[in-house]
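Please treat every number below as a calculation from the coordinates, not as lab data. A quick note: this is a predicted structure, and the numbers were derived from the prediction, not measured. Positions of Cβ are generated from backbone atoms using ideal geometry, with glycine treated the same way; all protein chains shown enter the neighbour counts.
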Amino acid sequence: MGVWWGLLGVAAFSFTVPFTRVAVGAFSPLFIGSGRAVVAAVLAAFALGLTRQRLPRGTQWGRLAVVAGGVVVGFPLLTSFALTSAPASHGAVVIALLPAATAAAAVLRGREHLPVAFWWVAAVGALAAIGFAFAQSGGFVQSGGFGQFHWADLLLLGAVVAAAIGYAEGGLLARELGAWQTVSWALVLASPLMVPLTALSIVQQPPSGTPVQWLAFAYLGLVSMFLGFFAWYRGLAIGPMAQVSQIQLIQPVLTISWAGLLLGETLTWMTIIGGLAVVLSAGIAVRLRLKPPASTQKPDSRNRIPK
């Protein structure tokens with residue numbers, strides 16, 4: 001069930017990069033990154049109030065701040081600025097590093113045990129995504145070999161790290177607070193920062209766009225920032241997180257498809273090969289089962305409960 005909930009969340013997130021690319025054609029990156037969080041925070045506040053959810057306790061507030069910093073502030077802002085210059089298909093494959101990063105964060109934070117083969121496969125997927133970023137950023141053309149990352153790649157990689165930490169912590173918190181409650185409290189907690197940033201962006205560049213661009217922004221606020229996390233955090237909470245996180249490797253394929261169908265972006269052989277290499281690695285990784293923890297005691301047949 002964790003995998004199926006995760007798949008539903010990934011399907012919702014797969015439109016995020018193309019729709020962000022549509023929105024940045026009219027709105028400033030600061031408005032998109034912060035404004036969508038404000039829209040989601042309003043919905044979250046209503047949901048929490050109407051259902052009379054109990055307040056988080058003690059250290060849960062600090063952990064919610066980690067979630068908010070990763071998925072409410074860090075990922076939306078960094079991707080919005082990156083996609084002002086990077087095509088949606090390029091962003092999709094660089095963000096394909098996210099499953100491996102989330103698995104690493106889950107192991108460090110949740111102490112999950114993974115077989116060595118899992119890390120080999122995850123590493124292959126990560127290297128494929130990094131190699132794609134080098135090639136697409138012009139490194140091969142400029143220096144005849146591996147060049148420097150484009151600034152958009154650095155922003156996308158920063159977004160990957162931020163989201164991975166937010167996903168891992170959010171998955172653990174969802175087991176205590178609930179899936180939708182976790183993202184809702186994170187949105188509310190981040191709103192004192194995101195509201196002023198949205199106001200500043202409106203003063204700097206008053207938002208004005210076509211109905212399609214406004215619909216893309218609405219999707220980012222309603223689904224990418226709010227409803228999609230209901231399914232995603234539920235999947236991570238059911239877990240195991242490291243395994244469920246590999247479902248994200250389907251996301252680049254979906255996103256690249258939407259970029260071609262909706263935005264008319266050209267799907268080069270480099271894009272297709274890079275995406276397939278990452279997704280193939282993920283498909284293998286998601287099939288690898290977690291190592292059962294070694295038992296320190298042998299079962300005593302005398303204490304077995306008869307069927």
Simple spin-label estimate for Gln53/Ala199, 7 Å along Cα→Cβ, in nm, reads 2.5 nm
Full-extension gain in nm, Leu263 to Leu276, via 0.36 nm per residue minus C-alpha separation:
2.6 nm
Mind giving me the nanometre distance, one decimal, between the label points for Leu127 and Leu154, set 7 Å out from Cα along Cα→Cβ?
2.6 nm
